[in-house]
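Undergrad: Provided herewith is a single structure, encoded as structure tokens, for subsequent inquiry.
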Amino acid sequence: MATIAHSKFQYDQNCFTDFWIGPNDIKEEGVWMMDGVPIKHPIIWKPSEPNGLQYENCGAIAPIGVSDLDCDTNLRCTVCSFKDFQRFSFVGTCESELRNVYFTAFQLDEEELMFMGYGAYHIKRLNDTWAWINVVTNKTIAFLLESVPDFPMGRRWWQLEQPVCEQKDGDRRLLLSPCPAGYFSCNDATCIPLPHRCDLKYDCRDNSDEYDCKRIFFPQVRQ
């Protein structure tokens, strides 16, 4: 979201005709900028715009083009742009279908965070723990057994309440990881480059990159 628009005008469902889009010439009259960087591409202005001189320094868009308005005008709405969402992988049971593996974190309000799956699954707070839920059937698949005050990331023990993806119910150690391809996820969900896994050097803060490593020991060769 453009900095000037976001800082001055918050989202409201009752929008008027124009929308703040971020361009402004507050710093220097006639030099239109976006997030502090001069705009190089042409702006499609409404006829006879811009016309506000030093009194109208913020850009707003309407169906027929952009106009310059007083930055204190209460338009109520802004046009937003979003960066790519952080994708998480939930592995340990359903890797056969990628739509059941990938999740995206959403914060619905100041206190509620949930992970929305690409398929039928969500991970969200339920009472005092985290739950893995099938939102189609509205059934809880698993509960997080460990006490996690904020986030369920990392390798943790979950209690499967019902069979899922050919996995029987019972305790399972599952991984919710933000690490992209080419990285190893430590038990605490921090990411290290994959070549650092099993390299005889601790790179994870919890040393988990050196767990379960198969090593071959050669006898010393005497010359």
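Undergrad: Restricting the first residue to the range 130-144 and requiring it to be within 12 Å of E161 (Cβ to Cβ), which pairs with a second residue that is outside any strand (DSSP E or B) and of a type in the set (G, A, S) meet a Cβ separation below 7 Å and a spacing of at least six or different chains?
TA: N134/A120
Undergrad: For D12, only one of the following conditions fails: (1) at pLDDT 85 or above; (2) of a type in the set (D, E); (3) in contact with a Cys (Cβ under 8 Å, 6 or more places away or on another chain). What is its number?
TA: All conditions are met except number (1).
Undergrad: Under the condition of being at pLDDT below 85 and within 23 Å of D188 (Cα to Cα), which residue from the range 106-124 is farthest from the chain's Cα centre (by Cα)?
TA: If we take residues in the range 106-124 being at pLDDT below 85 and within 23 Å of D188 (Cα to Cα), then E111 is farthest from the chain's Cα centre (by Cα).
Undergrad: Go through the range 125-166 and give me each residue that's surrounded by 16 or more Cβ atoms within 10 Å (Cβ to Cβ) and at pLDDT below 80.
TA: The one that is surrounded by 16 or more Cβ atoms within 10 Å (Cβ to Cβ) and at pLDDT below 80: V164.
Undergrad: Of all the residues that make up the range 169-211, how many are over 25 Å from the mean Cα position of the chain (by Cα) and surrounded by fewer than 14 Cβ atoms within 10 Å (Cβ to Cβ)?
TA: Number of matching residues: 10.
Undergrad: Could you look through the range 15-33, keep only residues that are modelled with pLDDT under 85 and not polar (S, T, N, Q), and pick out the one that is surrounded by the most Cβ atoms within 10 Å (Cβ to Cβ)?
TA: The selected residue is W20.
Every residue, every condition in (1) part of a strand (DSSP E or B); (2) among the acidic types (D, E); (3) within 13 Å of D25 (Cβ to Cβ), yes or no:
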| residue | (1), (2), (3) |
| --- | --- |
| H41 | no, no, no |
| Q54 | no, no, yes |
| G59 | yes, no, yes |
| C71 | no, no, yes |
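Undergrad: Tally time: how many residues in the range 25-34 are more than 11 Å from D68 (Cα to Cα), assigned to a loop (DSSP other than H, G, I, E, B) and in contact with a strand residue (DSSP E or B) (Cβ under 7 Å, 6 or more places away or on another chain)?
TA: Number satisfying all stated conditions: 2.
The values are calculated or read from the model by the stated rules, or taken from the named source; none is laboratory data. This is a predicted model, so every value here is computed, not measured. Backbone-built Cβ (ideal geometry, glycine too); neighbour counts: all protein chains shown.
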